[in-house]
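Here, each number is a calculation from the coordinates, and none is a lab measurement. Remember, predicted model here, so these are calculated numbers, not experimental data. Here Cβ is always computed from backbone atoms with ideal geometry, including for glycine, and neighbour counts include all displayed protein chains.
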Amino acid sequence: MRLGLGIYSMQSVPQRPDHHVKLYRDLLADAELAESLGFDSIWLSEHHFWFDGYCPADLVAAGAVLGHTKKLRVGTAVMLLPMHSVEKVAGDAATLSRLGDGRLLLGVALGYRDSEFDGFGLRRKDRGKTMDTMLPRLANECAAVDPAVPLYVGVATAVAAERAARFGLPLFADSTLNIAELRDVLAAYEAVRTAAGRPAVPHALQRDVFVTDDRERDWAMLLPELRYMRRQYGAWSFPRERGETMAAYLDRLESDVEVKLKNLVMGTPQECGAKLREFEALGFDLIVCRSQFGNLPRPALRRAIESLGKVKA
């Protein structure tokens, strides 16, 4: 089982704002720490048009991390492919792969926020067809590079998994999926992959993980950050419906938050390791552990990363 660290978005959140220069410097410091602890990789996220400065250029940030490390792989989790040019992404990825001795990992997905599609002059309803045309072109470009760039497809649904399977591309499964949902996604993938005659490939999984020797202390710190993060992503995924009252909408969001909180893996290195191996048994050979929620205090985050480093030992 390989462990990655992430997902880094460099957000200056309201409850703990920081200058963005510091947030990107913290990313580089955490990358150096992750490399010293023997992590497989570190992963960066991308979103646009959000008030807290959510990282809008994950490949640029990845280049900085590659320049500060020697062995650590660096991935995007995920790049919103319909908002980019295939040729530009492929060219940038090829350059970074050469500069980084083949350590770049490229994760892409179709996106879901209306405001992002609107901001780029795109129609959200076209995103599936857009990915159908972009993915095979990007896959061909990534495979042709020397060193080749591993390409993952971010998924949260069976339909997205089936798209990846048609092209024989590995999954980067979303942290919101529980074990039963992951099994369904993998079953859908395998059915299409087999029918298409594609070879079997190992997959990657994102998971919220916090390793601690004092659950009570750290849960009190984590819960507000987790709620804020899950409300943000929940509001993006499930916008208010026409005619829905604000009270009903907030209740719906809160219900979704409660469901997603159950996916958190929290405990000692031994407890977390046992839980993560359940996902490995499903077919995920790389598990990317998100331990940075919002903008945790630096000492607490460092302690959690160092403890997470013991899981793989």
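Things to note:
- Scattering profile of the range 65-120 at q = 0.16, 0.19, 0.21, 0.26 Å⁻¹ [log10 I(q)/I(0), Debye over alpha-carbon scatterers]: -0.55, -0.71, -0.80, -1.02
- Euclidean distance between Cα centres, the range 252-313 to the range 165-194, Å: 20
- P(r) tail fraction, the range 203-268 - alpha-carbon pairs more than 20 Å apart, %: 38
- Given charges at Cβ of Lys, Arg, Asp, Glu: the chain dipole, positive-most of G283, V65, G102: G102
- The charge dipole of the chain, taken about its Cα centre with unit charges on the Cβ of Lys, Arg, Asp and Glu (plus for the first two, minus for the last two), comes to roughly 220 debye.
- Compactness relative to 2.2 N^0.38 Å, alpha carbon Rg of the range 222-313: 1.33
- Distance-filtered residues of the range 251-289 - backbone nitrogen under 20 Å, label point 7 angstrom along Y112 Cα→Cβ: 251-265, 288-289
- Around D92: net Lys/Arg minus Asp/Glu count, Cβ-Cβ under 14 Å: -2
- Dipole magnitude (debye, nearest 20) for the range 204-299, charges at Cβ of Lys, Arg, Asp, Glu: 260
- Kirkwood Rh in Å, taken over the range 1-129 so that all alpha-carbon pairs contribute: 15.3
- Relative to one another, the C-alpha centroids of the range 79-105 and the range 200-228 are positioned 29 Å apart.
- Straight-distance crosslink candidates among lysines, where the alpha carbon sits under 21 Å from K260 and sequence neighbours closer than 8 are dropped: K275
- Whole-percent pair-distance distribution, where bins are 10 Å wide, for the alpha carbons of the chain: 6, 27, 38, 24, 5, 0
- Sorting the Cα pairs of the range 154-313 by distance into bins of 10 Å, from 0 upward, gives 10, 34, 31, 20, 5, 0 percent per bin.
- In a reduced charge model with +1 at each Lys and Arg Cβ and -1 at each Asp and Glu Cβ, the range 140-269 shows a dipole moment near 300 debye about its Cα centre.
- The GNM of the chain, with springs linking C-alpha atoms under 10 angstrom apart, assigns the highest mean-square fluctuation among D18, D40, D208 to D18.
- In terms of surrounding Cβ atoms within a 10 Å radius of their Cβ, K71, K262 rank from fewest to most as K262, K71.
- Listing R127, R198 from fewest to most neighbouring C-beta atoms within 10 Å gives R198, R127.
- For the range 79-166, the average shadow cast by the Cα convex hull is 5.6 nm², which is a quarter of the hull's surface.
- Karplus-based coupling profile of the range 242-251, in residue order and whole Hz: 4, x, 7, 6, 4, 4, 5, 5, 5, 5, with θ = phi - 60° in 6.51 cos²θ - 1.76 cosθ + 1.60 and x standing for Gly or Pro.
- Those lysines that a straight Cα-Cα span of less than 23 Å connects to K71, excepting residues fewer than 8 apart in one chain: K310, K312
- Straight-line reach from K22: taking Cα to Cα under 19 Å and skipping same-chain neighbours fewer than 8 places apart, no lysines fall in range.
- Given their separation in residues at 0.36 nm each and the Cα-Cα distance between them, H68 and A148 gain 26.7 nm when the chain is fully extended.
- In order along the range 23-34, the phi-based Karplus estimate (6.51 cos²θ - 1.76 cosθ + 1.60, θ = phi - 60°) of 3J(HN,Hα) comes to 4, 6, 5, 4, 4, 5, 5, 5, 5, 5, 5, 4 Hz; Gly and Pro are listed as x.
- Qualifying GluC sites (Glu not before Pro) for the range 226-313 [loop in DSSP, other Cβ within 10 Å: at most 14]: E241, E244
- Between Q15 and F120, the simple spin-label model (points 7 angstrom out along Cα→Cβ) gives 3.0 nm.
- Once the Cα gyration tensor of the range 1-53 is diagonalised, semi-axes √(5λ) in Å: 23, 13, 8
- In the chain, the DSSP-assigned H stretches of four residues or longer account for a calculated mean residue ellipticity at 222 nm of -16000 deg cm²/dmol, using -39500 (n - 2.57) per stretch and the full residue count as denominator.
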